[in-house]
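The values are calculated or read from the model by the stated rules, or taken from the named source; none is laboratory data. None of the values given here were measured: they were computed from a predicted structure. When we count neighbours, we look across all protein chains shown, and the Cβ atoms used for this are built from the backbone with ideal geometry, even at glycine. To get the accessible areas, we keep the full protein, side chains included, count just its heavy atoms, and leave off ligands, DNA and RNA. Shrake-Rupley method; radii C 1.70, N 1.55, O 1.52, S 1.80 Å.
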Amino acid sequence: MSILFKNARLIDPEARTETTGDLFAQDGVIAAVGDTPDTADQVVDCRGKHLAPGIVDIGVKICEPGERHKESFRTAGLAAAAGGVTTIVTRPDTLPAIDTPETLEFVTRRARDASPVNIRPMATLTKGREGREMVEIGFLLDAGAVAFTDGDRVTTDTKVLSRAMTYARSLGAVIIAHPQDPGLSRGAAVTSGKFASLRGLPAVSAMAERMALDRDIALVEMTGVAYHADQITTARALPALERAKNNGHDVTAGVSIHHLTLNELDVGDYRTFFKVKPPLRSEDDRIACVEAVKTGLIDIICSMHTPQDEESKRLPFEEAASGAVGLETFLPAVLRLVHAGDIALPDLWRAMSFNPAARFGLPGGRLAVGAPADLVLFDADAPFVLDRTKLHSKSKNTPFDGARLQGRVLSTYVGGDCVYTKD
């Protein structure tokens, strides 16, 4: 099977270019870019719309096993395909947690059978995410784990964490951490400041992120492990991140699309769909993180897709569950940064596709000959008003409900097969 994409605006995040041309894919891989054959089994006239590598989304929560009523592999896969996400790297904070090869193999089989997009699982760093005993990292690597993380449960025992890092380093495994001091952040719902005081909500200082990152970087220096901070969301943490990189440590960092496009004031009158973890930050922090993505200091943008049911969100703000769905809103939300003139499309795609694929050893994220034909065709300018009831996810907890957005996915391809086409 071959497919020819004609008259496309090709976004190449590896070369950081945006050019007009054609792309030819055959047998599930990209066979030619620019100088392509004239015919194929299928010809797609892109009509000047953008064609880019599919998004590689790190840190997606799919609630199998244990909470399938919130999200399943099937509904998450459909949402991802509709959002231009061709590879999902899933978090292990399920019920039970993914901390054994048997559990990992179960979710791998479920994903393969149910999802139209690629799904690669992470495993926990400690058993039960309890921070007391590390998992069998070697066996889990053999079973297919791409990284190890306890999610938003911070390991407070530095001896346990240092031993896990040392062992991961010996096996070449990547560790993902949630830089947030657990003592300062316990029970917090918003970021400290005037807004939090006016609303009377429990708050956490931005320094909680900086303090935890400093500790983790010290352990990285001691152990030499490959380390990724799942979300850097404050200006105070950026100098520490920059120093770690300048010192040659194997450190990368991510940020969620919600922290790049929203700020603490969006919480408004206790709107729980805007309650995420870590909490939304000040506008100055948001701008600093956008600039860090632009310069490459922050390597990866993710959706941090976290489904929650209506019952857990329709509560007083302090009691409501944290998290927002993001697979399907990822692309139009991030295009806000393009339309605002903050960042160019190739740089954006480098953080959304090329960098995450490279960091976690995945084959996607490129428009190069031999790369998988995991592609997204989209109209960057198409306006629409988001209706959360029409999302493919089982859970509808999006902060963008009713928002005016620009950018629609027209079609998504995984291994050259079309897995989504806009009606």
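Some observations on this one:
- Residues that are over 21 Å from residue 142 (Cα atoms) and surrounded by 20 or more Cβ atoms within 10 Å (Cβ to Cβ), drawn from the stretch 174-183: 177, 178, 179, 180, 181
- Test result for residue 207, farther than 18 Å from residue 276 by Cα, surrounded by fewer than 22 Cβ atoms within 10 Å (Cβ to Cβ) and not β-branched (Val, Ile, Thr): no
- Within the stretch 264-297, being out of contact with any Ser or Thr (no Cβ under 6 Å at 6 or more places or on another chain), more than 16 Å from residue 241 (Cβ to Cβ) and not in a helix (DSSP H, G or I) holds for 268, 269, 270, 271, 280, 282.
- Beta carbons closer than 8 Å, at least 6 apart along the sequence or on distinct chains, pair a first residue in the stretch 150-162 that is touching a residue at least 60 places away in the same chain (Cβ under 8 Å) with a second that is open to solvent by 40 Å² or more (accessible area, probe 1.4 Å) for 152/277; 153/130; 158/215; 162/222.
- Residue in the stretch 153-173 that is open to solvent by 50 Å² or more (accessible area, probe 1.4 Å), of a type outside the set (Val, Ile, Thr), in contact with a helix residue (DSSP H, G or I) (Cβ under 9 Å, 6 or more places away or on another chain) and closer than 18 Å to residue 93 by Cβ present: yes
- Boolean, residue 61 is of a type outside the set (Val, Ile, Thr) and either touching a strand residue (DSSP E or B) at 6+ places or on another chain (Cβ under 9 Å) or open to solvent by 60 Å² or more (accessible area, probe 1.4 Å) (or both): yes
- Residue in the stretch 273-281 that is touching a residue at least 12 places away in the same chain (Cβ under 8 Å), charged (D, E, K, R) and more than 22 Å from residue 310 (Cα to Cα) present: yes
- Pairs where the first residue, in the stretch 10-21, is without any contact (Cβ under 8 Å) to a residue 60 or more places away in the chain and the second is aliphatic (A, V, I, L, M) and surrounded by 18 or more Cβ atoms within 10 Å (Cβ to Cβ), C-beta under 6 Å, 6+ apart: 19/10; 21/10
- Selection count, the stretch 242-259, where residues are in contact with a Ser or Thr (Cβ under 9 Å, 6 or more places away or on another chain) and buried (at least 23 other Cβ atoms within 10 Å of the Cβ): 5
- Test: residue in the stretch 350-361 that is within 30 Å of residue 148 (Cα to Cα) and of a type in the set (Phe, Trp, Tyr): yes
- Scanning the stretch 78-103 for residues that are without any contact (Cβ under 8 Å) to a residue 60 or more places away in the chain and either under 20 Å from the mean Cα position of the chain (by Cα) or surrounded by 22 or more Cβ atoms within 10 Å (Cβ to Cβ) (or both) yields 90, 92, 94, 97, 98, 99.
- Of all residues in the stretch 370-396, those that are among the hydrophobic types (A, V, I, L, M, F, W, C) have Cβ atoms under 7 Å from Cβ atoms of residues that are surrounded by fewer than 18 Cβ atoms within 10 Å (Cβ to Cβ) and at pLDDT below 95, 6 or more apart or on another chain, in 371/363.
- For the stretch 260-282, the set of residues classified as open to solvent by 50 Å² or more (accessible area, probe 1.4 Å) and within 17 Å of the chain's Cα centre (by Cα) consists of 277 only.
Listed here are the residues, each with its yes/no results for (1) among the aromatic types (Phe, Trp, Tyr); (2) buried (at least 18 other Cβ atoms within 10 Å of the Cβ); (3) modelled with pLDDT of 95 or more.
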residue	(1), (2), (3)
10	no, yes, yes
13	no, yes, yes
19	no, no, yes
24	yes, yes, yes
28	no, no, yes
37	no, no, no
46	no, yes, yes
49	no, yes, yes
70	no, yes, yes
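- Those helices (runs of 4 or more DSSP H) lying entirely in the stretch 46-154 with at least 2 residues under 24 Å from residue 172 (Cβ atoms): 101-114, 137-143
- For the stretch 90-120, filtering for residues that are farther than 15 Å from residue 59 by Cβ and of a type in the set (Ser, Thr, Tyr) leaves 4.
- So residue 310, is it open to solvent by 10 Å² or more (accessible area, probe 1.4 Å) and modelled with pLDDT under 95: yes
Table: residues versus (1) of a type in the set (Asp, Glu); (2) farther than 17 Å from residue 303 by Cβ.
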| site | (1), (2) |
| --- | --- |
| 44 | no, yes |
| 57 | yes, no |
| 63 | no, no |
| 75 | no, no |
| 95 | no, yes |
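- Being over 15 Å from the mean Cα position of the chain (by Cα), free of Cβ contacts under 8 Å to residues at least 60 places away in the same chain and not in a loop (DSSP other than H, G, I, E, B) is true of residue 170.
- Residue that is farthest from residue 352 (Cα to Cα), among those in the stretch 298-316 that are acidic (Asp, Glu) and not in a helix (DSSP H, G or I): 309
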